[in-house]
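What follows is one structure encoded as structure tokens, with my remarks underneath.
Derivation of every value follows stated rules applied to the coordinates shown; laboratory data play no part. Because the structure is a prediction, the values reported are computed rather than measured. Cβ placement follows ideal geometry from the backbone for every residue including glycine, while neighbour counts extend to all protein chains displayed.
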Amino acid sequence: MQAVREWLREASSIAVLTGAGVSAESGVPTFRGGAAGTPGLWKQYRAEELATPGAFARDPKLVWEWYDWRRSLIAEAKPNPGHYALAAAEARAAKFTLITQNVDGLHELAGSRNVLRLHGSIWMLRCLECQREREDRRTPLPEIPPRCECGGTLRPGVVWFGEALPSKVWQDAEKAAREADLFLLIGTSAVVYPAAGLAPIAKSSGARVVEINIAETGLSDGIDEFLQGKSGELLPQLMA
């Protein structure tokens with residue numbers, strides 16, 4: 001812990017990748033399981049069956065019912081001490097980039113500013129016809145599936161299975177990883193690519209890599225330091 005504190009003080013450029021574990025501590029169910037370890041099922045469906053372009057094309061109402069349910073759960077969640085500790089670290093750092101796989105917006109609510117959302121935002125809606133995007137935080141939505149002013153069907157502004165990450169966001173994330181002196185890997189399973197490839201990019205570019213998680217992952221053997229525990233407990237200690 002003390003070594004990582006010193007690295008944080010010394011680093012001129014810090015990049016962070018956060019995953020579902022950070023939001024789970026705020027009560028947000030993880031994508032493949034509930035907040036308390038319950039199976040990742042909604043009705044009889046798994047997330048992998050619903051979060052695809054094909055599922056939306058077949059039954060947009062069903063997919064939107066699931067997203068409306070998820071939005072209602074996330075709307076009740078609040079940032080936890082881990083979110084606030086990262087926002088405080090950004091305020092002190094010379095250069096700080098927060099890259100997240102989460103779509104809930106809790107980092108921004110905690111005060112983080114330089115946030116790269118690899119998988120989009122559950123609060124953004126995008127029209128399939130005119131491609132316009134808008135933020136809508138109403139829960140529940142008054143109409144399912146929601147409609148655009150142009151008459152087109154709106155979809156969630158998130159990245160589904162089988163879709164590419166937003167190119168500009170990914171380019172910025174790669175750049176932040178390459179330029180970082182210190183890279184923090186927090187609360188992610190490190191199995192979803194290309195996001196999981198950012199830590200190796202940072203390491204090969206000369207950064208120290210620190211992982212904070214409740215259990216080791218497939219990347220744990222190739223990093224500089226592993227801190228086991230909840231991010232909401234460890235991050236405030238590191239940033240103090």
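General observations
- Cβ-to-Cβ counts within 10 Å put Val28, Val191, Val22 in ascending order as Val191, Val28, Val22, the fewest first.
- Amide proton proximity set for Thr97, modelled H, under 5 Å, gap of 5+: Ile14, Ala15, Val16
- FRET E, pair Ala240, Leu73, Förster distance 30 Å, beta-carbon r, rounded to 0.05: 0.45
- Electrostatic dipole magnitude of the stretch 95-174 [Cβ: Lys, Arg +1; Asp, Glu -1; Cα centre; debye, to 20]: 120
- With the charge dipole of the stretch 68-160 set up from +1 on Lys and Arg Cβ and -1 on Asp and Glu Cβ about the Cα centre, the Cα lying farthest toward the positive end among the listed residues Val159, Cys148, Ala94 is that of Ala94.
- The distance between label points at Arg147 and Phe161 comes to 3.1 nm (points 7 Å beyond Cα on the Cα→Cβ vector).
- The fewest-to-most ranking of Glu76, Glu174, Glu48 by surrounding Cβ atoms within 10 Å reads Glu76, Glu48, Glu174.
- Pair Glu233, Gln131: separation of 7 Å Cα→Cβ label points (nm): 4.8
- Where labels lie 7 Å past Cα in the beta-carbon direction, separation of Ala57 and Ser12 in nm: 5.0
- Here the stretch 40-182 is assigned +1 on the Cβ of each Lys and Arg and -1 on the Cβ of each Asp and Glu. Its dipole about the Cα centre then comes out at about 120 debye.
- The loop-placed GluC sites (Glu not before Pro) in the stretch 176-240, going by DSSP, that have at most 16 neighbouring Cβ atoms within 10 Å of their Cβ come out as Glu216.
- Dividing the helix sum by the residues of the chain, where each DSSP H run of 4 or more adds -39500 (n - 2.57), gives a mean residue ellipticity at 222 nm of -10000 deg cm²/dmol.
- Order of Met1, Met239 under a 10 Å beta carbon neighbour criterion, fewest first: Met1, Met239
- Computed from point charges on the beta carbon alone (+1 for Lys and Arg, -1 for Asp and Glu), the dipole magnitude for the chain about its Cα centre is near 420 Debye.
- The gain in end-to-end length when the Lys95 to Ser204 segment is fully stretched comes to 37.3 nm, 0.36 nm per residue minus the alpha carbon separation.
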